[in-house]
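Here is the structure we will look at, set down as structure tokens.
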Amino acid sequence: MKPPPIFSGTCIDINTHTDQSRRFFATLTRREEKDFLIAATILDRTVRIGRSPGGRSERIEGSEEGIWELRVTPPGRRGPHARALYACDGRDILVLRGLREGRARHSSRRDRTRRACRPGIATGTAR
């Protein structure tokens, strides 16, 4: 039986897809939980009206599997920043990996995301 979604909106349901993503959401602070609900609501509403998600979500450049990044922490806040990497399956958003980013000087966001998107993550075989 499929576990209940961690967010259910008008147009999307967000589900954890890997053990790592379940552990990530289980360890969110109250502030991060609130930030997640806000980011998920923004994503749901923008899907409903058909516009871009206002800088809170974007497709990972170069991802052949169609991996997206949901920025849980709002822009402009000091780190660490919580992020969720996900894939879409119809109305379902499947969170594949959760991560927290500090303010690293020598690595770009693209490099950090590529490290997180190692082979096998899109199919749920990597844990």
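The values are calculated or read from the model by the stated rules, or taken from the named source; none is laboratory data. All values derive from a computational prediction rather than experimental measurement. Cβ: placed from backbone, ideal geometry, glycine included. Neighbour counts: every protein chain shown.
Of note:
- Elements of the type strands (runs of 3 or more DSSP E) sitting completely within region 1-96 and holding at least 2 residues that are surrounded by 20 or more Cβ atoms within 10 Å (Cβ to Cβ) and touching a Phe, Trp or Tyr at 6+ places or on another chain (Cβ under 9 Å): these cover 13-16, 68-71, 81-89.
- Among the criteria (1) at pLDDT 95 or above; (2) among the β-branched types (Val, Ile, Thr); (3) over 13 Å from the mean Cα position of the chain (by Cα), the one Ile14 does not fulfil is (3).
- Restricting the first member to region 59-84 and to residues that are in contact (Cβ under 8 Å) with a residue 40 or more places away in the chain, and the second to residues that are basic (Lys, Arg) and surrounded by 13 or more Cβ atoms within 10 Å (Cβ to Cβ), the beta-carbon pairs closer than 7 Å and six or more apart or on different chains are Glu69/Arg83; Val72/Arg83; Ala82/Arg100.
- Filtered residues of region 46-57 (kept if of a type outside the set (Ser, Thr, Tyr) and more than 14 Å from Ile93 (Cβ to Cβ)): Ile49, Gly50, Arg51, Gly54, Gly55
- In region 1-42, the residues that are among the β-branched types (Val, Ile, Thr), over 19 Å from Thr73 (Cα atoms) and touching a strand residue (DSSP E or B) at 6+ places or on another chain (Cβ under 8 Å): Ile12, Thr18
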